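Engineer: Before I ask anything, here is the structure I am working with.
Derivation of every value follows stated rules applied to the coordinates shown; laboratory data play no part. Because the structure is a prediction, the values reported are computed rather than measured. Every residue, glycine as well, gets a Cβ built from its backbone with ideal geometry; the counts of neighbours run over all protein chains shown.
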Amino acid sequence: MGAMVRAAVMPAPRAPIEIREFPEPDLPPGGALLATALSEVCGTDVHLWHGRLSGVPYPIIPGHVTTGTLHAIRGSLSGIDGRRLREGDRVAFFDVHRTCGRCAACTVHRTPTRCPARRVYGITDPAAEGLFGGWAEQVYLEPGVVIAPLPDRVSFEAYIGGGCGLLTSVHILERAHLSLGDTVVVQGAGAVGLSAAALARRSGAGLVVVIGAPQSRLDLARRMGADEVIGLDGTSAAERLDRVLALTGGLGADVVIEAAGSPRAFEEGVRLARNGGAYVVAGHYTDTGASTINAHHDVNRKHLDIRGCWGSEVRHFLRALRALERFGGEVPWQDIGARTYGLGGLNEALAEAESLAIPKALVDPRLG
Ligand SMILES: [Zn+2]
Ligand SMILES: [Zn+2]
């Protein structure tokens, strides 16, 4: 019998996280085992814990974005850059490990994030199938998983501090079609909003405004790249609109990014955008209820361009790595991960993520 691997399992929605042991898997050719250095507790994990995502095959090992070192490789394994990977290499992998490549979403519509056969580490794989989540000492990298070496300059802490929020933000910026000098308003100062502000600034925005709470996150938003911050606490939507209009010569923002996940934020966001502006909606990962907007005032007459943004693709993963390498010296991604827990502390970490007390908790299985 081989070595055993400890993992934190979410048995069912609302059930306490349990530590279970799994046999170290026999690797097929082209498969690998990652020794986890860091994974994360993100908003998705809270949604999983609340049972708000459909079709999740509980029990699962959560943790969809994870980094570490290659512990074992069977046969030959190459990174996305074509170079051979070796045991001991520091790597990250793209969490979407299967799409079908044949359905209308994959081929005709070019929206593989909407492929019905899509499988994502830490979300869509039952624990019964093995080590498919980052809340574990080791993660099974099945053949075909996209693996990239972590650049020397990028620490595990910075990669996971950015984490899934950074990948999502790369996709958001792609959807935003930013032009040089644009004014960008980001709604939300969570992991997604913070990275979106950082990337908007580095993509040539003329002014980046972040709306959010509490003050500590707004302070971090400034360090990430926001020029102006507007606190949610103690202001009304009308006051925030006035502030954005004052900052934009009465016009409204060229681009508004929704990373707040609230129906009220959507109602507010359509008004913050200028005539002919764009609104990228990325925070409604689960159904938080309906929003009421006036189609005449807020969309039609305004000529507003509303764009959804769902999940991420390999190119967002790679661009996130490049952004970390290029801008990691000036953007404090590592500071988004406010606290680190061992596998035994994940009930506490989930409660903390649920209360939005900190932007993000990290998971280090080596802490026990
Ligand atoms: Zn497909
Ligand atoms: Zn996530």
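Engineer: How far, in degrees from 0 to 90, does helix 215-224 lean away from the longest principal axis of the Cα atoms of the chain, to the nearest 10?
Structural biologist: Around 80 degrees separate the two axes.
Engineer: Please list, in chain and number order, the residues 5+ apart from VAL363 or on another chain whose amide H is under 5 Å from its amide H, with Hs placed from the backbone.
Structural biologist: So VAL363 has HN proximity to SER39, GLU40, VAL41, TYR341.
Engineer: In whole Hz, what ³J(HN,Hα) sequence does region 74-86 give by Karplus (6.51, -1.76, 1.60; θ = phi - 60°), x for Gly and Pro?
Structural biologist: 3J(HN,Hα) across region 74-86, in whole Hz: 9, x, 9, 9, 10, x, 4, 7, x, 7, 5, 9, 10.
Engineer: Taking the dipole about the Cα centre of region 123-222, with the C-beta of Lys and Arg at +1 and of Asp and Glu at -1, give me whichever of ALA158, LEU180, SER203 is farthest to the positive side.
Structural biologist: Selected residue: LEU180.
Engineer: Output ³J(HN,Hα) for region 234-240: one whole-Hz value per residue in order, computed from phi by the Karplus curve 6.51 cos²θ - 1.76 cosθ + 1.60 with θ = phi - 60°, and x for Gly and Pro.
Structural biologist: x, 10, 9, 4, 5, 5, 5
Engineer: Here's a follow-up. With everything on Cα atoms, drop me the angle between helix 263-272 and the longest principal axis of the chain, reported from 0 to 90° to the nearest 10.
Structural biologist: Once rounded, the angle reads 50 degrees.
Engineer: With a cut-off of 8 Å between alpha carbons and a minimum separation of six or more residues, what is the relative contact order of region 216-293 in percent?
Structural biologist: Answer for region 216-293 is 25 percent.
Engineer: Here is a further query. State, as an integer percentage, the relative contact order of the chain based on alpha-carbon contacts under 8 Å between residues 6 or more apart.
Structural biologist: Taking the mean separation of contacting Cα pairs over the length of the chain, I get 18 percent.
Engineer: Between GLU267 and GLU21, how many nm apart are label points set 7 Å from Cα along the C-beta direction?
Structural biologist: It works out to 5.5 nm between the two label points.
Engineer: 7 Å from Cα along Cα→Cβ at both ALA351 and ALA72: what's the point-to-point distance in nm?
Structural biologist: Reported label-point gap for ALA351 and ALA72 is 3.7 nm.
Engineer: Long-range amide H contacts for VAL185: which residues qualify at under 5 Å (H placed 1.01 Å from N, peptide plane, sequence gap of 5 or more or a different chain)?
Structural biologist: For VAL185, whose amide H was placed from the backbone, the distant partners under 5 Å are VAL209, VAL255, VAL256, ILE257.
Engineer: Whole Å is fine, so just give me how far the alpha carbon centre of region 1-45 lies from that of region 161-233.
Structural biologist: 32
Engineer: Among GLY55, GLY368, GLY337, whose Cα projects farthest towards the positive end of the dipole of the chain, with charges put on the beta-carbon of Lys, Arg (+1) and Asp, Glu (-1)?
Structural biologist: The residue sitting most towards the positive pole is GLY55.
Engineer: Tell me, rounded to the nearest percent, the portion of alpha carbon pairs in region 28-111 spaced more than 22 Å apart.
Structural biologist: When all Cα pairs of region 28-111 are counted, 46 percent exceed 22 Å.
Engineer: Okay, moving on. Between the alpha-carbon centers of region 51-83 and region 296-368, tell me the distance in whole angstrom.
Structural biologist: So the separation of the two Cα centres works out to 17 Å.
Engineer: Tell me, which longest segment in the chain has none of the GluC sites (Glu not before Pro) that fall in DSSP loops with at most 16 further Cβ atoms within 10 Å?
Structural biologist: 88-329
Engineer: A follow-up question, please. Round to the nearest 0.05 the FRET efficiency obtained for ASP152 and SER54 when R0 = 45 Å and r is the Cβ-Cβ distance.
Structural biologist: 0.65
Engineer: ASP335 versus ARG223, label points 7 Å from Cα toward the beta carbon: distance in nm?
Structural biologist: Between ASP335 and ARG223, the simple spin-label model gives 0.2 nm.
Engineer: Can you give the relative contact order of region 167-256 as a percent, counting alpha carbon pairs under 8 Å and 6+ residues apart?
Structural biologist: Value for region 167-256: 29 percent.
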